[in-house]
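Worksheet: one structure, shown below.
The values are calculated or read from the model by the stated rules, or taken from the named source; none is laboratory data. In this text the structure is predicted, and so the values were computed from the model without any measurement. Cβ placement follows ideal geometry from the backbone for every residue including glycine, while neighbour counts extend to all protein chains displayed. Accessible surface areas use protein heavy atoms only, side chains included; no ligands, DNA or RNA. Shrake-Rupley method; radii C 1.70, N 1.55, O 1.52, S 1.80 Å.
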Amino acid sequence: MSRRERIYLSVEEMPKYWYNVLADLPFQLDPPLNPQTREVLKPEELGAIFPQPLVEQEVTTERFIKIPKKVFDEYAVFRPSPLIRASNLEEYLETPAKIYYKYEGVSPTGSHKTNTSIPQAYYNMISGTKTLVTETGAGQWGTALSYAGLKFGLNIEVYMVKTSFEQKPMRKLIINFFGGKVSPSPSLNTEFGKKMLDIDRENPGSLGIAISEALEEVFKKDNAKYALGSVLNHVLLHQTIIGLEIKKQFEKINIKPDVIIGCHGGGSNLGGTILPFIPEKLSGEKIEFLACEPKSCPTLTEGEYRYDNGDTAGLTPLMMMYTLGKEFIPPKIHAGGLRYHGSAPIIAKLKHENMLNAIALDQEETFEAARIFSKLEGIIPAPESSHAIAGAIREAIKAKENKEEKVIVFTLSGHGLLDLTAYA
Ligand SMILES: *Cc1c(COP(=O)(O)O)cnc(C)c1O
């Protein structure tokens, strides 16, 4: 029998519910705090920037949340996504391990981010929002949100980190193609942006600054809300569609994964991939979770575990997380989407409780992993996703050394066809 395997699900088999890990975690998350008073944030306070249904999803402990019909139908445009065995990579590494990857690059904008942009746009639409404002680093989130805004009739305004804006003109074109507006950040549209530019004309921007600008814009406009592409509980909730599908796909071939890997920027594709396996882990099954991040932005491996803001200006709630400090401006490296100073509180807590391992990989190793993977498996990965590939390769080599027939699965969060200039 061929080692080649592609495991598909039909649209009918796509999960009808998202999985909420807050129902099962054996510990409490430290609550978000109001940035001015440092008091525990009330859900109503989140209502200023997010629509009610998303505020509820941020705090609910209900285990399964039904995917609304309209969201399900939009998911069905590109989901379920395939689970593919990287058999050429296995042969190349001469490993006894089986390596599978869940391919999220099949989405309309080429990454997993549409898994949450679609429900976020939907819940804003039913709540009367007219304009959604956001920030984007490498541009993936901006494109995903502008696509979703188009589907549900919302105006989308995007603040894009200036270095990426200049390096990735295609992303801007896609945002415009789907009808979204995009400005390089820091910009002259906001007081905070002007202040940053006064201090330094050449400020390259950061996600923290772009979030500050987006929030300022939300407070200025009527019927405007904010959207975040990672970090928050509701974002990870929507992304669980990834892990839930992986589970069903492995059930089909009667296999259980031993190691589950994702790259880590803010924690959404990693969370979406591993969280549905938390119940198994808690019941004593031997499953390892591995987060892969860049050495140049080593949030989980070198950050401090403490309360910090999500943005540079200090407008967002304080969240308990691993952080490199909200003023952190990462060096210009290719891993655009993995340059956030903080982490998702859920992911941070799992790491803190030793339920999740994290490693930091340098640019050479991830780049080499991307090169090998494209040649062997035929997909040019997003630079972010290459960190997960590099992590999987390390695990496969470990399995070879220990002569273990491990099952390794990683999420390939996106393709890199719009990142070729970064690779060059
Ligand atoms: C945004 C992005 C990431 C990083 O964000 P997470 O929230 O950590 O998932 C990773 N891969 C791709 C392709 C992205 O677009």
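Tally up the residues in segment 141-160 that are out of contact with any strand residue (DSSP E or B) (no Cβ under 6 Å at 6 or more places or on another chain) and within 15 Å of the ligand (Cβ to nearest atom), please.
Looking only at that region, the number is 5.
Just to be sure I understand, how many residues within segment 216-250 are within 29 Å of S183 (Cα to Cα), away from the ligand (no atom under 16 Å from the Cβ), among the polar types (S, T, N, Q) and open to solvent by less than 10 Å² (accessible area, probe 1.4 Å)?
Residues in segment 216-250 being within 29 Å of S183 (Cα to Cα), away from the ligand (no atom under 16 Å from the Cβ), among the polar types (S, T, N, Q) and open to solvent by less than 10 Å² (accessible area, probe 1.4 Å): 0 in total.
Taking only pairs six or more apart or across chains, which ones have beta-carbon atoms under 6 Å, a first residue in segment 10-31 that is of a type in the set (A, V, I, L, M), and a second residue that is open to solvent by less than 60 Å² (accessible area, probe 1.4 Å)?
So the pair list comes out as V11/A76; M14/R79; M14/P80; V21/L275; V21/I278; L29/P345; L29/K349.
Tell me, which helices (runs of 4 or more DSSP H) lie completely within segment 202-303 with 3 or more residues that are over 16 Å from the mean Cα position of the chain (by Cα) and over 30 Å from E13 (Cα atoms)?
207-220
So which residues in segment 52-81 are touching a residue at least 40 places away in the same chain (Cβ under 8 Å) and open to solvent by 90 Å² or more (accessible area, probe 1.4 Å)?
Those that are touching a residue at least 40 places away in the same chain (Cβ under 8 Å) and open to solvent by 90 Å² or more (accessible area, probe 1.4 Å): Q52, T61, E62, R63, F64, K66, K70.
Count, please, the residues in segment 109-124 that happen to be away from the ligand (no atom under 13 Å from the Cβ) and of a type outside the set (G, A, S).
6
For residues in segment 367-424 being of a type in the set (S, T, N, Q), under 18 Å from L83 (Cα atoms) and not in a helix (DSSP H, G or I), which is farthest from the ligand (Cβ to nearest atom)?
By that ranking, first place goes to T411.
Scan segment 251-270 and tell me whether some residue there is within 16 Å of the ligand (Cβ to nearest atom), open to solvent by less than 40 Å² (accessible area, probe 1.4 Å), β-branched (V, I, T) and in contact (Cβ under 8 Å) with a residue 12 or more places away in the chain.
Looking through segment 251-270, at least one residue is within 16 Å of the ligand (Cβ to nearest atom), open to solvent by less than 40 Å² (accessible area, probe 1.4 Å), β-branched (V, I, T) and in contact (Cβ under 8 Å) with a residue 12 or more places away in the chain.
Considering (1) within 16 Å of the ligand (Cβ to nearest atom); (2) within 19 Å of the chain's Cα centre (by Cα), say which one Q363 fails and leave the rest.
It fails just one condition, (2).
When residues of segment 271-281 are filtered for being away from the ligand (no atom under 16 Å from the Cβ) and farther than 19 Å from E251 by Cβ, how many remain?
Total satisfying the criteria: 0.
Under 9 Å between Cβ atoms, at least 6 apart or on separate chains: pull out the pairs that start in segment 272-283 with a residue that is open to solvent by 10 Å² or more (accessible area, probe 1.4 Å) and end on any residue that is hydroxyl-bearing (S, T, Y).
Listed by first residue and then by second, the contacts come to P279/Y19.
Against the condition modelled with pLDDT of 95 or more, under 24 Å from E58 (Cβ atoms) and more than 16 Å from the ligand (Cβ to nearest atom), how does F289 come out, does it pass?
No: the conditions fail for F289.
Could you please find all residues in segment 331-359 being of a type in the set (G, A, S), at pLDDT 95 or above and assigned to a helix (DSSP H, G or I)?
Within segment 331-359, just A348 meets the criteria.
Within the set of pairs 6 or more residues apart or between chains, which connect a residue that is within 11 Å of the ligand (Cβ to nearest atom) inside segment 338-353 to a residue that is open to solvent by 20 Å² or more (accessible area, probe 1.4 Å) and assigned to a helix (DSSP H, G or I) with Cβ atoms less than 7 Å apart?
Pairs found: R339/L207; Y340/L207.
Within segment 125-137, how many residues turn out to be more than 16 Å from A214 (Cα to Cα) and either buried (at least 24 other Cβ atoms within 10 Å of the Cβ) or within 16 Å of the ligand (Cβ to nearest atom) (or both)?
0
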